[in-house]
Amino acid sequence: MSATAVHSLWTTAADPIDKIDAPNIEYGQLAPTLIVIGAAVIGVLIEAFVPRKSRYYAQLFVSVVALAAAFAAVVALAAGGYGTTKARIAAMGAIAVDGPALFLQGTILLAGLVAIFTFAERKLDPVAHGNRVDSFVAQAGAVPGSEGEQAATKAGFATTEVFPLALFAIGGMLVFPSANDLLTFFIALEVFSLPLYLLCALARRKRLMSQEAAVKYFLLGAFASAFTLFGIALIYGYAGSVSYGTVAKVVDGTITTVDPALAGTMGNDALLLIGSAMIVMGLLFKVGAVPFHMWTPDVYQGAPTPVTGFMAAATKVAAFGALLRLLYVVLPGLRWDWRPVMYGVAVITMLGGAIVAITQTDIKRLLAYSSIAHAGFILAGVIATTKDGVSSVLFYLGAYSFVTIGAFAVVTLVRDAGGEATHLSKWAGLGRRSPLVAAVFAVFLLAFAGIPLTSGFSGKFAVFKAAAEGGAGALVVVGVISSAIAAFFYIRVIVLMFFSEPKADGPTVAVPSPLTMTAIGLGVAVTLVLGVAPQYFLDLASQSGVFVR
Amino acid sequence: MIALLVAAPLLGAAVLLCGGRRLDRVGHWLGTALAAVSFVIGLVLFTDMLGKGAEDRTLNQHLFSWIPVEGFQADVAFQLDQLSVTFVLLISGVGTLIHLYSIGYMEHDERRRRFFGYLNLFLAAMLLLVLADNYLLLYVGWEGVGLASYLLIGFWQHKPSAATAAKKAFLVNRVGDMGLSIAIMLMFTTFGTFAFGDVLEATGETGEGKLTAIGLMLLLAACGKSAQVPLQSWLGDAMEGPTPVSALIHAATMVTAGVYLIVRSGEIFNAAPDAQLAVTVVGAVTLLFGAIVGCAKDDIKKALAGSTMSQIGYMILAAGLGPIGYVFAIMHLVTHGFFKAGLFLGAGSVMHGMNDEVDMRKYGGLRKYMPVTFVTFGLGYLAIIGFPGLSGFFSKDKIIEAAFAKGGTEGWILGSVALLGAAITAYYMTRVMIMTFFGEKRWEPDAEGKQPHPHESPKSMTIPMILLAVGSVCAGGFFSIGDRFMHWLEPVTHHDHGDSPLSAATVTGATMVVLVIGVTLAWLQYGRRPVPSVAPRGSLLTRAARRDLLQDDFNHVVLVRGGEHLTRSLVYVDHTLVDGVVNGTAASVGGLSGRLRKLQNGFARSYAVSMFGGVAVLIAATLLMRAV
């Protein structure tokens, strides 16, 4: 090694290193997410430091305050114009703050808040050993049916960790539809998925089924995530970037510079197409679209019912939000490639969900298939590829999430000796015994069926209208046919409740605490308001329909 | 003020029908009083109108906007002109008399209060019909009189025949009502409005095809309401109702609504000669049809019903002649209102005295026992056959003259038919008169073995009969002398003299000749020889006429059987094809569901395989899209 070389090495090394700029984080604009995640961390600390007896109340208080505060922050941001004129990309290009993001965050936070109420319900299960118990197992680590489990129940243990877990999940869901690069997107996906896997396993009754559901959900979720991550890698290989904006520009040809390190792959359309198909597949898994839906009935049935309601509502909102942003912001240049494919997925999802639901005998599985059919209806709005398509999907998601949480909350009320009586035969004649509960459930079913004067009708009308105007008329025809098929099994439950003789050993209807009553009441109120006078909310969704790029 | 005309009887109907038994004792007086109120208001409006010049006698009253939708404006508004005030006076005047008559006639009926409620309802609806200033509101009145007619025909609903007759009238009228509703819809699509003024003004700029369609639909409506061929079958059965109802609704007023409709829509028919020709044909056919049926009936009310049909046929014929005939149609309508109502009330009076017997073969020689009835009925009889100087003479003569004045072959045919009709009228009315009031007593005890004791009816019944008889005698002359009625109506209906191939005197002479022939024939057959108590078998035509010229048989074979076959085959198609498709679809969807459900086997590994397959298809499809 020559002296000059040494010198030059030295001098190079001696040159001042480029300073790494501290990232510029707009805390104010990220406040909703930060509040929720912060509260989740506080929840973990409560588990560690607060005495067992007070934990439930502390957790509930923190969760409710955090969600309410986060919702207030969303409203403040929207009122400050961040949803429209001041929409921007924050946190160094990682997070978008725009109309769809704020609308969906608000929806997720409200749905989360209502779900937390059902999580906290402690009046439905009979008092065990002098302690009021909720839907969750006393000690998650105890083997089902073992002495340890009984001891934990006797000691009055409670899995209050469900609150911080739910908050973490909500935090992830808040980021998911606003993520503006593929890595943030993936991390958000995992942040909200992992707590959900855990929550699924925590049912107090039918624990084995619950654990089986959690394992299935985890395995299949991991499988789907692997595809998603692989897809992200391929997209990076194609575009040389994971930023939504940059990828979009490479796709539509605005950026043509080639990173020398990726010279072999950049601009290779096969990578783009395969990569985007894989990422989309991950999202279709989360929304439960056919053929990636098979986890849905098993997990919905096995998970504790409050968790099912939460998942069915909030996960769908977050995942559809992310799907919209991906298709509208990153891949608009590929519209002619992905639209026919999504078209096919929407058709088989609508028909598949509706058809298989007909032969279901368990109310939770029935609702699971119904949620699959609804995923198909929402996909019809996604396919519109217009601004109206975006806003119709936003409206549908808001309407649907409240109906879903409310419906699952009603399911928690109908009980027999083994816990919730979910077999449909048990629901026969419910309308004679508990007319109010049956009537409320009937309202939710009519909303699912899309009968006028319920939010289901307004939502379905909006997405079908957008789809028809977006040139997908045939899809609307399929949608209406599926709605007709779906109406059969919704109405069948109503007929069962009101026009069948009650069975002698039928279930009882538990009187819930104000928490669940609030959840159900809100569900009914939103369902009727969005059904009777939807204009304000349609306008709101319409104003929120523009993505920042 | 105009609204009060309708409101008074409407109030009466509401009070009487909702008031309950408390009103049983005063209900009939209240109903009669409110009918009289309408008549008095009508008179006031009429005198008020007389005080104005001929051109500004039309009075409009806008009550409220009924259906104020963009592009579809319907108002509740009234129009009182010379035509409608004529009807108002006829309806409320004859109506009041018949209310008065009913007090006596219905005395022993427990449901008398309800009867007066229905009568008031009828008056309100009929007045609404003639006062409406647009077709939609007219339609409301049209349906209202249909309802009242249904309720009153079936008033004695405990008799199955009455209930059936009510149903029949209602159903046959539905066919006509459908015509009116279609006509109104056509008007709306053609003119964009229903108001008489606007519609009739716009006819000038509209194609003849559309106007013909509207005109034919209006004619269908008129056929239903006015019992014209081919929708005539209900009127005979409608005589099942109480006699005052037959007099008021099925002789004097409601059945003339079709004539009103055609005269009111004159501009449309004037511009659609084909529709107008259809109107005259319907009128001519019905006038013979009704007259022939009237000759064969032994039931006094059914004989009169045939006569009503025939006389309305005259009016429709006149209305179909266009401006030559409108005035005479209405004039005959008014005079007919007097004499036919009088005849019906007389028939009711006879029945009242004869234990409700209606078969004329069991009457005979009643003139001594019921002198007032005999005289009033006799004056009505002379009026209807057109005895010189009485009402019918003037109005019918004019129609026959106008029919000849139509000109051409048509004029000759229509004129001859009208003349023939006059002969038959003289024949069957003389037959009724002789069988009822002359000859020997052929009285028989009724079903309960009670021998009839014919007696004169109470004052409340005879006074209306006397007043109507005065109308039967004088109305025609009063209207015709100096062409008073023609000048009165001319601003609304316009008038055209036409030019008749025959002079007025020739026509009158011919009418007199056929009148004498008709009366003589009837006298030869029924006056000279004793009337058999049991009807002889008679000729083929007589037997057919007794069965209303086979109208019901025709309807049964063509419409009922045909309809039954149609519905049966539709039910068959519904059961096999439609239900088969529906049930088959349901079954196949259910089967598919059961099969797809098996894919959901609970194993995470098969779920993963399905996802893997799914993503493979997704990628393949995406790449394929690019390749295509």
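The values are calculated or read from the model by the stated rules, or taken from the named source; none is laboratory data. Quantities reported herein were computed from a predicted structural model and do not represent experimental measurements. Glycine gets a Cβ as well: all are built from the backbone with ideal geometry, and neighbour counts include every protein chain shown.
Which of the residues belonging to region B:580-602 are surrounded by 12 or more Cβ atoms within 10 Å (Cβ to Cβ) and at the interface with another protein chain (Cβ under 9 Å from one of its Cβ atoms)?
Result: B:Ala586, B:Val589, B:Gly590, B:Leu592, B:Ser593, B:Gly594, B:Leu596, B:Arg597, B:Leu599, B:Gln600.
To keep it simple, each residue is scored yes or no on (1) among the small types (Gly, Ala, Ser); (2) without any contact (Cβ under 8 Å) to a residue 24 or more places away in the chain; (3) closer than 30 Å to B:Arg528 by Cβ.
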| residue | (1), (2), (3) |
| --- | --- |
| B:Thr280 | no, no, no |
| B:Gly283 | yes, no, no |
| B:Ala318 | yes, no, no |
| B:Leu321 | no, no, no |
| B:Ile324 | no, no, no |
| B:Met351 | no, no, yes |
| B:Tyr369 | no, no, yes |
| B:Thr373 | no, no, yes |
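Can you confirm whether B:His495 is under 31 Å from the mean Cα position of the chain (by Cα), under 27 Å from B:Glu410 (Cβ atoms) and at pLDDT 80 or above? Outline the logic, then answer.
Numbers: under 31 Å from the mean Cα position of the chain (by Cα): yes; under 27 Å from B:Glu410 (Cβ atoms): yes; at pLDDT 80 or above: yes.
Considered against the rule, which asks whether it is under 31 Å from the mean Cα position of the chain (by Cα), under 27 Å from B:Glu410 (Cβ atoms) and at pLDDT 80 or above, B:His495 comes out as yes.
Given the criteria crowded, with 24+ Cβ neighbours inside 10 Å, in contact with a His (Cβ under 6 Å, 6 or more places away or on another chain) and touching a residue at least 60 places away in the same chain (Cβ under 8 Å), does A:Ile372 qualify?
Details: crowded, with 24+ Cβ neighbours inside 10 Å: yes; in contact with a His (Cβ under 6 Å, 6 or more places away or on another chain): yes; touching a residue at least 60 places away in the same chain (Cβ under 8 Å): yes.
Yes, satisfied.
Against the condition more than 30 Å from B:Val531 (Cα to Cα), small (Gly, Ala, Ser) and either within 22 Å of the chain's Cα centre (by Cα) or buried (at least 24 other Cβ atoms within 10 Å of the Cβ) (or both), how does B:Ala402 come out, does it pass?
Details: more than 30 Å from B:Val531 (Cα to Cα): yes; small (Gly, Ala, Ser): yes; either within 22 Å of the chain's Cα centre (by Cα) or buried (at least 24 other Cβ atoms within 10 Å of the Cβ) (or both): yes.
Here the answer is yes, as B:Ala402 does meet what is asked.
Does region A:497-549 hold any residues that are out of contact with any Gly (no Cβ under 8 Å at 6 or more places or on another chain), part of a loop (DSSP other than H, G, I, E, B) and not hydrophobic (A, V, I, L, M, F, W, C), and which are they?
Listed by number, the residues that qualify are A:Asp505, A:Pro507, A:Pro512, A:Ser513, A:Pro534.
Which condition number does B:Leu489 fail, the rest of (1) under 27 Å from B:Gly236 (Cβ atoms); (2) part of a helix (DSSP H, G or I) being met?
Looking at each condition in turn, B:Leu489 falls short on (1).
Table: residues versus (1) within 28 Å of B:Val229 (Cα to Cα); (2) of a type outside the set (Gly, Ala, Ser); (3) surrounded by 24 or more Cβ atoms within 10 Å (Cβ to Cβ).
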site	(1), (2), (3)
B:Thr286	yes, yes, yes
B:Ser307	yes, no, yes
B:Pro323	yes, yes, no
B:Phe328	yes, yes, yes
B:Val350	no, yes, yes
B:Ala383	yes, no, yes
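Consider B:Asp356 against the criteria (1) in a loop (DSSP other than H, G, I, E, B); (2) within 20 Å of the chain's Cα centre (by Cα): it satisfies all of them except one. Which criterion is unmet?
(2)
Quick check on my filter: what residues within region B:59-95 are aliphatic (A, V, I, L, M) and over 22 Å from the mean Cα position of the chain (by Cα)?
B:Leu59, B:Leu63, B:Ile67, B:Val69, B:Ala74, B:Val76, B:Ala77
Against the condition within 14 Å of chain B (Cβ to nearest Cβ) and among the hydroxyl-bearing types (Ser, Thr, Tyr), how does A:Tyr238 come out, does it pass? Lay out the reasoning, then the answer.
Details: within 14 Å of chain B (Cβ to nearest Cβ): yes; among the hydroxyl-bearing types (Ser, Thr, Tyr): yes.
When the stated conditions are applied, A:Tyr238 passes them.
Can you pull out the residues in region B:498-519 that are within 30 Å of the chain's Cα centre (by Cα) and not in a helix (DSSP H, G or I)?
B:Gly498
Hey, could you check region A:495-549 for residues that are β-branched (Val, Ile, Thr) and surrounded by fewer than 19 Cβ atoms within 10 Å (Cβ to Cβ) and say which is farthest from A:Arg132 (Cα to Cα)?
For region A:495-549, the residue satisfying everything is A:Val546.
Of everything in region A:346-363, what is part of a helix (DSSP H, G or I), more than 8 Å from chain B (Cβ to nearest Cβ) and in contact with a Ser or Thr (Cβ under 6 Å, 6 or more places away or on another chain)? Give them in sequence order.
Start the filter on region A:346-363 by keeping residues that are part of a helix (DSSP H, G or I), which leaves A:346-357, A:363.
So of that shortlist, the ones also more than 8 Å from chain B (Cβ to nearest Cβ) come out as A:346-351, A:353-354, A:363.
Hits for region A:346-363 are A:Met350, A:Leu351, A:Ala354, A:Ile363.
Considering only region A:426-437, state which residues are surrounded by fewer than 23 Cβ atoms within 10 Å (Cβ to Cβ) and closer than 14 Å to A:Val411 by Cβ. Let's see the steps before the verdict.
Residues of region A:426-437 that are surrounded by fewer than 23 Cβ atoms within 10 Å (Cβ to Cβ), as a first pass: A:426, A:428-429, A:431-437.
Those that are surrounded by fewer than 23 Cβ atoms within 10 Å (Cβ to Cβ) and closer than 14 Å to A:Val411 by Cβ: A:Lys426, A:Ser434, A:Val437.
Do the conditions hold for A:Asp252, that is, is it within 11 Å of chain B (Cβ to nearest Cβ) and out of contact with any His (no Cβ under 7 Å at 6 or more places or on another chain)? Give the steps one after another, and end with the answer.
Numbers: within 11 Å of chain B (Cβ to nearest Cβ): no; out of contact with any His (no Cβ under 7 Å at 6 or more places or on another chain): yes.
So A:Asp252 does not fit the description; no.
Given (1) crowded, with 23+ Cβ neighbours inside 10 Å; (2) more than 13 Å from the chain's Cα centre (by Cα), where does B:Gly204 come up short, assuming only one miss?
Among (1) crowded, with 23+ Cβ neighbours inside 10 Å; (2) more than 13 Å from the chain's Cα centre (by Cα), B:Gly204 violates only (1).
Check region A:220-229 and report whether any residue there is within 13 Å of another protein chain (Cβ to nearest Cβ), more than 21 Å from the chain's Cα centre (by Cα) and either of a type outside the set (D, E, K, R) or part of a helix (DSSP H, G or I) (or both).
No, because not a single residue in region A:220-229 is within 13 Å of another protein chain (Cβ to nearest Cβ), more than 21 Å from the chain's Cα centre (by Cα) and either of a type outside the set (D, E, K, R) or part of a helix (DSSP H, G or I) (or both).
Please go through region A:382-403 and give me each residue that is under 19 Å from A:Gly450 (Cα atoms), among the polar types (S, T, N, Q) and either outside any helix (DSSP H, G or I) or touching a Lys or Arg at 6+ places or on another chain (Cβ under 8 Å) (or both), ordered by number.
To start, the set of residues in region A:382-403 that are under 19 Å from A:Gly450 (Cα atoms) comprises A:382, A:389, A:391-403.
Retained after the next criterion (residues that are among the polar types (S, T, N, Q)): A:391-392, A:401.
Those that are under 19 Å from A:Gly450 (Cα atoms), among the polar types (S, T, N, Q) and either outside any helix (DSSP H, G or I) or touching a Lys or Arg at 6+ places or on another chain (Cβ under 8 Å) (or both): A:Ser392, A:Ser401.
Among the residues of region B:603-628, how many are basic (Lys, Arg) and within 7 Å of chain A (Cβ to nearest Cβ)?
Kept after step one, since they are basic (Lys, Arg), are these residues of region B:603-628: B:605, B:626.
The next check asks that each one be within 7 Å of chain A (Cβ to nearest Cβ); those that pass are B:626.
Number of matching residues: 1.
Just one of (1) under 25 Å from the mean Cα position of the chain (by Cα); (2) within 14 Å of another protein chain (Cβ to nearest Cβ); (3) among the hydrophobic types (A, V, I, L, M, F, W, C) trips up A:Leu198, so point out which.
(2)
Looking for something farther than 23 Å from A:Arg549 by Cα, among the aliphatic types (A, V, I, L, M) and part of a helix (DSSP H, G or I) - is there at least one such residue anywhere in region A:319-339?
Initially, region A:319-339 is screened for residues farther than 23 Å from A:Arg549 by Cα, giving none.
Among the residues of region A:319-339, not one is farther than 23 Å from A:Arg549 by Cα, among the aliphatic types (A, V, I, L, M) and part of a helix (DSSP H, G or I), which makes the answer no.
Which residue out of A:Thr315, A:Thr296, A:Thr308 is under 22 Å from A:Val463 (Cα atoms) and in contact (Cβ under 8 Å) with a residue 60 or more places away in the chain?
Numbers: A:Thr296 fails: under 22 Å from A:Val463 (Cα atoms); A:Thr308 fails: under 22 Å from A:Val463 (Cα atoms).
Of the residues listed, the single one that is under 22 Å from A:Val463 (Cα atoms) and in contact (Cβ under 8 Å) with a residue 60 or more places away in the chain is A:Thr315.
Looking at B:Met187 and the list (1) within 28 Å of B:Gly294 (Cβ to Cβ); (2) surrounded by 22 or more Cβ atoms within 10 Å (Cβ to Cβ); (3) not β-branched (Val, Ile, Thr), which single condition is not satisfied?
Only one criterion is unmet by B:Met187, namely (1).
Out of B:Val44, B:Val85, B:Val69, B:Val94, I need the residue that is modelled with pLDDT under 90, of a type in the set (A, V, I, L, M, F, W, C) and within 27 Å of B:Leu261 (Cβ to Cβ). Which one?
B:Val69
Before we move on, is A:Thr349 among the hydroxyl-bearing types (Ser, Thr, Tyr), under 14 Å from the mean Cα position of the chain (by Cα) and modelled with pLDDT of 95 or more? Walk me through it before giving the result.
Numbers: among the hydroxyl-bearing types (Ser, Thr, Tyr): yes; under 14 Å from the mean Cα position of the chain (by Cα): no; modelled with pLDDT of 95 or more: yes.
Considered against the rule, which asks whether it is among the hydroxyl-bearing types (Ser, Thr, Tyr), under 14 Å from the mean Cα position of the chain (by Cα) and modelled with pLDDT of 95 or more, A:Thr349 comes out as no.
So, in region B:207-229, exactly how many residues are surrounded by fewer than 19 Cβ atoms within 10 Å (Cβ to Cβ) and either under 16 Å from B:Leu136 (Cα atoms) or of a type in the set (Asp, Glu) (or both)?
1
Please pick out the residue among B:Leu147, B:Leu151 that is surrounded by 21 or more Cβ atoms within 10 Å (Cβ to Cβ) and farther than 24 Å from B:Gln61 by Cα. Even if it seems obvious, please write down each step before you answer.
Details: B:Leu147 fails: surrounded by 21 or more Cβ atoms within 10 Å (Cβ to Cβ).
Only one candidate qualifies: B:Leu151.
Quick one: in region A:277-315, which of the residues that are in contact with a Cys (Cβ under 7 Å, 6 or more places away or on another chain) and away from chain B (no Cβ under 13 Å) is surrounded by the most Cβ atoms within 10 Å (Cβ to Cβ)? Reasoning before the result, please.
First pass over region A:277-315, keeping only residues in contact with a Cys (Cβ under 7 Å, 6 or more places away or on another chain): A:299, A:302-303, A:307.
Those still in the list that are away from chain B (no Cβ under 13 Å) too: A:303, A:307.
Numbers: A:Ala303: 29, A:Val307: 32.
Out of the qualifying residues, it is A:Val307.
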